[in-house]
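Remarks on the structure that follows.
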Amino acid sequence: MLPVSMTVNGKAVTATVDPRTLLVQYLRDNLRLTGTHVGCDTSQCGACVVHVDGAARKSCTMFAWQAEGAKVTTIEGVANGEKLHPMQEAFREHHGLQCGYCTPGMIMSAIDMVNRKGNDLDDNTIRHELEGNLCRCTGYHNIVKAISAGARAMKG
Amino acid sequence: MSATGIGAAVRRKEDQRFITGKGHYTDDVSRPGQTFAYFVRSPHAHAKLHSIDVKAAAAMPGILAVLTGQDLAGDKIGNLICGWMIHSKDGSPMKMAPHPALAATKVCYVGDPVAVVIAETLAQAKDAAEKIAVDYEVLSAVTDPAKAKSAAQIHDVAPKNTIYEWHLGDSKATDAALAAAKHITRIDLTNNRLVPNAMEPRAALAEYDSGTDSLTLWNTSQNPHVARLVISAFVGMAPEHKLRVIAPDVGGGFGSKIFIYPEEVVCLWAARRVGRPVKWTSDRSEAFLADAHGRDHVTHAEMAFDGDGKITALKVKTIANLGGYMSTFSSSVPTYLYATLLSGQYAIPNIYCEVDAVYTNTVPVDAYRGAGRPEATFVVERLVEVGARELGLDPAELRKRNFIKSFPHQTPVIMAYDAGDYLASLKKAMELADVKGFGRRKRDAARHGKLRGLGYSTYIEACGIAPSQAVGSLGAGVGLWESAEVRVNPTGSVEVLTGCHQHGQGHETTFAQLVSERLGISIDQVSIVHGDTDKVQFGMGTYGSRSGAVGMSAIVKALDKVEAKAKKIAAHVMEAAEGDIEFRDGKFTVAGTDKSMAFGEVALAAYVGHKFPTQEIEPGLKEGAFYDPTNFTFPAGCHICEIEIDQETGETEVVSWTAVDDFGTLINPMIVEGQVHGGIAQGVGQAMIEQTVYDKDGQLLSGSYMDYAMPRAHNFPAFKVDTTETKCPSNPLGIKGCGEAGAIAAPAAVMNAITDALGTEKIEMPATSMAVWRALQTMNRNQVAAE
Amino acid sequence: MAMTMTGEVQLPASRDTVWAKLNDPATLKACIPGCEDLNMLSDHEFEAVAVNKIGPVKAKFKGRVTLSDLDPPNGYKISGQGDGGVAGFAKGGAVVSLTDKDGGTLLTYNVEAQIGGKLAQLGQRLINGAAKKMADQFFENFAAAVKG
């Protein structure tokens, strides 16, 4: 067993975990932050994307102990209190989700995309940047629209 | 139309929880004292099971039980069943082999579960599973449906691995028409096997309450009541009233979560044995082996034309692969959901179809988005396109000549189409797709070394599943009506209980829109309750694009009853004759006066019971209804795909997609568009990249996202989506259903476009860039040889 | 999932020495990559346990290995089946033949192998590389053993 401590959604947390505990398991099972999902076991689907020290990471592909001392943000932590993050708002406004399972990872990847690529994203860039996120419901059409609008909304 | 009523593109109510990470999926549920299940699965496709040594595993730390098929049989847990009886041509019933939840004497596919470990933690369960020794005697395996009849017999009940040899239509008349034809177009097609891959893997959590001797199952199900019925009546797990099935938020289904699977049965059984809650969550590589696959047909088809390009006959022979066992509704998919749609949008006087369903050593095959109808559309639309090329006719023109133009239209294959305007959707799609400008675009592409092709798919489907008597006469084990209950609260808010289940469809919004429209209240005043057998009395669930046409019709019936009763109460309260009460925009008015009561006031009056005779009119305002449709519904439309192929590399790209669909009444056009988008993506995925590969020994080689190509955002252009409208005459709202259209229409449109660009019909799905490159090389070689 | 592989290796020892080492359980145990245990059941049959990793799948294989078509000192066929538990199975054989060459011995091998279960599902794209690597490692070890 291994002690881990990190900051998750602004709160300091500590626990003792089995060394093979993945970050996503730690978030879901220990912290009960079940918004981060597991959609595959080969690091392809992106349902588990969270931010670690401000950058998108697949939380199924790192151990909890690898986030030692890091600042982790999950889907539960992106809204400002009751006020939704502009990217969350954009997904609702543009019907960028259906079953909702891939949505947290999509939103976390989208915010990271804007952080890296800026607020004016063309559709082609968005589609290629979404390489690591799978959705089986939407055909991506409205996800692309949502990210484009969300990116612009994040500017102001 | 009110702001939140029928036809409004209302933003979805359910989104708040999904975008904030507060959805509540099965794996998110945890029960005090829960344990974890891990399944040991066969690595062999076909083998006798001699013995399983679980002693070492049972002695591992944290292990509560290690259970096998022998234990299951010892506890008299029944087999899983297929609930739709199909009879062969010779009148014999289909050959349904026993399907135990854990294999006891033999295994029939790689992934067939043979044992389960129940442990305090998942890691302990996995560690113990390593210690289980299984003695297999490996037998020869078959995966190709075309070879199944001559392969080693898999089940005692099914000689030649044949489940049924079924047919539909008039064989003699069809042969006669073929003999008299001016031209016959012949085609051989493979409809590739697909893995559904809902993003949420299946999961089950079972809990036993010894105090009440009852079981609760949280399950990733599209139809929790059907799950309860089967697990109770056939598996014999517990009486129906002692089993509660809850399907909370479900992350996509596409058919794969309709079926009753071994894992939930085993979790229930194990929970009672160990006296603790038992949870199983599939991982993705397990899902590839444990979730029913889709499609997998091999077909030869012939279409006859007269001298005017009119279709005179269609003859189809299909071999359908149902896998190692018969899944819950598997038998109906290649028969009544397939052959009945072979008339397409066309007036075809003679149709005959034979379907042989076979067992193979592969994962069981059952309904996947569209279920039978994509396969039928693919056959018909490929034939029509190839026929047009062979006859030297424009494919749109050939379609126009053969379209059904008057309704109702009885096809030779059971279905009676009730309404449609196929010319309207074709014309609108051709305009939107700028078919006129295609020649110019093709020339432009050629200048850049690209081949450009255009393909149509004018599809039809039968949805709104389904009239109970009709499906009963065709072998269905259940009726396919839907139920609804409308509960009006004293303060005027409303709860609607529905037997439908949402797993992405947005019922919490669309169903609320119907209530908003009818009762004149805001959708915020309405809650939709579903997915819990303790809350909703009964329901058949969501699949086959049925929830709008059937589920909402049940709500309409219940709302009619609510309105009728509320009028009676309002009449008493306002001291008017019941016949003088009008209800509009949420207000009950005495005709010709200014006396009125708001809906909420009548609701309160109903519960207070002070102002009407409760001996005549019961207090309260709550009504239920069961709605059984009188016909299927027939959504139809036209999809046009344009693709470009790089001649050097074979790289193939969908550059434009146009969809014009007739779904009848649209409740929420935004949601409808989303459904169309998703369907197209699955259809394009099937046509271009998705492929389930077995080796000859039955090993699944495309068993993870590393090898099974899931469509990604860059595989698609933005879609152009529009609609035409003819109301469905058989249900009160005129709804036809929209959930499967894209997946049904798309594969034929893609393949028609690719073959148009290539100038050869010799390419099968999935037409990957590699397959296209090979086709180009073959053509080049043939050309060189010819020169 | 079937695979085949052929190869040859020049060994700095006489054919008789190589033959003896090929039939010596201790040498085989030391040379088989990941071999944890190897017990003779009879002259030409032994039980082995080896831990191997193919792509993302790591498994402990337990199985029986048989030597057949013995033609001392020219070659034999070595075949076996390993049960890797939940990881699946591996089975196959190799025809090994020895010829004199350049004052030493040339060993040629012809392998046919099959994998199943999770190994095939997740490891199939890597199996050829993994098998090649294992064979290389075996013969590297074996060359050292015959020399010393």
**Request:** Please note which helices (runs of 4 or more DSSP H) are completely contained in the range B:219-318 and include at least 2 residues that are closer than 28 Å to B:Gly370 by Cβ and within 14 Å of chain A (Cβ to nearest Cβ).
**Result:** B:284-290
**Request:** Might you let me know whether the range B:183-191 holds any residue that is part of a loop (DSSP other than H, G, I, E, B) and either buried (at least 16 other Cβ atoms within 10 Å of the Cβ) or among the hydroxyl-bearing types (Ser, Thr, Tyr) (or both)?
**Result:** no
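Can you say whether B:Gly453 is assigned to a loop (DSSP other than H, G, I, E, B), touching an Asp or Glu at 6+ places or on another chain (Cβ under 8 Å) and crowded, with 17+ Cβ neighbours inside 10 Å, as far as the supplied structure shows? Walk me through how you get there before you give the answer.
On the way: assigned to a loop (DSSP other than H, G, I, E, B): no; touching an Asp or Glu at 6+ places or on another chain (Cβ under 8 Å): yes; crowded, with 17+ Cβ neighbours inside 10 Å: yes.
No; evaluated as a whole, the condition is false for this residue.
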**Asked** Here are some residues: A:Glu93, A:Glu129, A:Glu89. Which one is in contact with a Ser or Thr (Cβ under 9 Å, 6 or more places away or on another chain), at the interface with chain B (Cβ under 9 Å from one of its Cβ atoms) and not basic (Lys, Arg)?
**Response** A:Glu129
**Request:** Can you confirm whether the range B:53-70 contains a residue that is in contact with a Ser or Thr (Cβ under 8 Å, 6 or more places away or on another chain) and without any contact (Cβ under 8 Å) to a residue 60 or more places away in the chain?
**Result:** yes
**Item:** Boolean, B:Val298 is surrounded by 24 or more Cβ atoms within 10 Å (Cβ to Cβ), in contact (Cβ under 8 Å) with a residue 60 or more places away in the chain and out of contact with any Phe, Trp or Tyr (no Cβ under 7 Å at 6 or more places or on another chain)
**Value:** no
**Request:** Find the residue count for the range A:29-57, including only residues that are more than 7 Å from chain B (Cβ to nearest Cβ) and more than 13 Å from the chain's Cα centre (by Cα).
**Result:** 5
**Prompt:** Do any residues in the range B:102-114 that are assigned to a strand (DSSP E or B) have Cβ atoms under 8 Å from those of residues that are among the polar types (S, T, N, Q), where the two are at least six apart or on different chains, and which pairs are they?
**Reply:** B:Val107/B:Ser42; B:Pro113/B:Ser42; B:Val114/B:Ser42; B:Val114/B:Thr68
**Asked** Are any residues in the range B:723-742 charged (D, E, K, R) and more than 14 Å from chain A (Cβ to nearest Cβ), and if so, which ones?
**Response** B:Glu725, B:Lys727, B:Lys736
**Matching residues, the range B:343-368, being over 25 Å from B:Gln699 (Cα atoms), touching a Gly at 6+ places or on another chain (Cβ under 8 Å) and either modelled with pLDDT under 95 or assigned to a loop (DSSP other than H, G, I, E, B) (or both)** = B:Gln345
**Prompt:** List the pairs whose first member sits in the range B:527-552 and is farther than 27 Å from B:Glu461 by Cα, whose second member is assigned to a loop (DSSP other than H, G, I, E, B), and whose Cβ atoms are under 6 Å apart, counting only residues at least 6 apart or on separate chains?
**Reply:** B:Val529/B:Lys535; B:Val536/B:Gly499
**Fill in**
Over the range A:41-62, the set of residues under 16 Å from A:Cys102 (Cβ atoms) and either among the basic types (Lys, Arg) or in a loop (DSSP other than H, G, I, E, B) (or both) is A:Asp41, A:Thr42, A:Ser43, A:Gln44, A:Cys45, A:Gly46, A:Ala47, A:Cys48, A:Lys58, A:Ser59, A:Cys60
**Item:** Residue that is in contact (Cβ under 8 Å) with a residue 12 or more places away in the chain, within 14 Å of chain C (Cβ to nearest Cβ) and either buried (at least 23 other Cβ atoms within 10 Å of the Cβ) or in contact with an Asp or Glu (Cβ under 7 Å, 6 or more places away or on another chain) (or both), where the choices are B:Ala709, B:Ala745, B:Ala767
**Value:** B:Ala709
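Kindly check whether there is at least one residue in the range B:120-130 that is assigned to a loop (DSSP other than H, G, I, E, B), farther than 30 Å from B:Val355 by Cα and in contact with a Leu (Cβ under 9 Å, 6 or more places away or on another chain). Give the derivation first.
Taking the range B:120-130 first, the residues assigned to a loop (DSSP other than H, G, I, E, B) are B:120-121, B:130.
Next, from what is left, pick out any that are farther than 30 Å from B:Val355 by Cα: B:120-121, B:130.
Narrowing further to those that are in contact with a Leu (Cβ under 9 Å, 6 or more places away or on another chain): B:120.
Yes, that holds for at least one residue.
Looking at B:Val486, B:Val562, B:Val556 in this structure, which one is in contact with a Leu (Cβ under 7 Å, 6 or more places away or on another chain) and in a strand (DSSP E or B)?
B:Val486
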**Residues of the range B:690-713 classified as more than 20 Å from the chain's Cα centre (by Cα), in a loop (DSSP other than H, G, I, E, B) and not aromatic (Phe, Trp, Tyr), total** = 14
**Asked** Can we say B:Lys89 is without any contact (Cβ under 8 Å) to a residue 12 or more places away in the chain, over 30 Å from A:Gly81 (Cα atoms) and away from every other protein chain (no Cβ under 14 Å)?
**Response** no
**Asked** Among B:Thr589, B:Thr633, which is β-branched (Val, Ile, Thr) and under 20 Å from the mean Cα position of the chain (by Cα)?
**Response** B:Thr633
**Message:** Checking B:Asp213 against (1) on the phi < 0 side of the Ramachandran plot; (2) free of Cβ contacts under 8 Å to residues at least 60 places away in the same chain: exactly one of these is not met. Which one?
**Reply:** (1)
**Message:** I'm trying to understand the selection: among the residues of the range B:16-69, which are of a type outside the set (A, V, I, L, M) and within 30 Å of A:Glu93 (Cα to Cα)?
**Reply:** B:Gln16, B:Arg17, B:Phe18, B:Thr20, B:Gly21, B:Lys22, B:Gly23, B:His24, B:Tyr25, B:Thr26, B:Asp27, B:Asp28
**Message:** Given (1) within 11 Å of chain C (Cβ to nearest Cβ); (2) assigned to a loop (DSSP other than H, G, I, E, B); (3) within 34 Å of the chain's Cα centre (by Cα), identify the lone condition not met by B:Thr143.
**Reply:** (1)
**Request:** Taking C:Val95 as the residue in question, decide whether it is closer than 24 Å to C:Glu140 by Cα and either within 19 Å of the chain's Cα centre (by Cα) or within 14 Å of chain B (Cβ to nearest Cβ) (or both).
**Result:** yes
**Request:** Go through the range C:98-129 residue by residue and tally those that are within 14 Å of chain B (Cβ to nearest Cβ), buried (at least 20 other Cβ atoms within 10 Å of the Cβ) and over 23 Å from C:Arg64 (Cβ atoms).
**Result:** 3
**Message:** With the structure loaded, tell me whether A:Asn115 is of a type outside the set (A, V, I, L, M, F, W, C), closer than 21 Å to B:Lys13 by Cα and more than 11 Å from chain B (Cβ to nearest Cβ) or whether it fails that test.
**Reply:** no
**Some residue of the range B:498-508 being part of a helix (DSSP H, G or I) and in contact (Cβ under 8 Å) with a residue 40 or more places away in the chain** = yes
**Request:** Hey, can you tell me all the residues within the range B:12-50 that are more than 8 Å from every other protein chain (Cβ to nearest Cβ), in a helix (DSSP H, G or I) and surrounded by fewer than 17 Cβ atoms within 10 Å (Cβ to Cβ)?
**Result:** none
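Quickly run through the range B:600-657 and pick out the residues that are in a strand (DSSP E or B) and buried (at least 24 other Cβ atoms within 10 Å of the Cβ). Break it down stepwise before answering.
Step one: of the range B:600-657, the residues in a strand (DSSP E or B) are B:622-627, B:633, B:636-646, B:652-657.
Listed by number, the residues that qualify are B:Thr633, B:Ala636, B:Gly637, B:Cys638, B:His639, B:Ile640, B:Cys641, B:Glu642, B:Ile643, B:Ile645, B:Thr652, B:Trp657.
The values are calculated or read from the model by the stated rules, or taken from the named source; none is laboratory data. All values reported here derive from a predicted model rather than from experimental measurement. Virtual Cβ from ideal backbone geometry, glycine too; neighbours counted across all protein chains shown.
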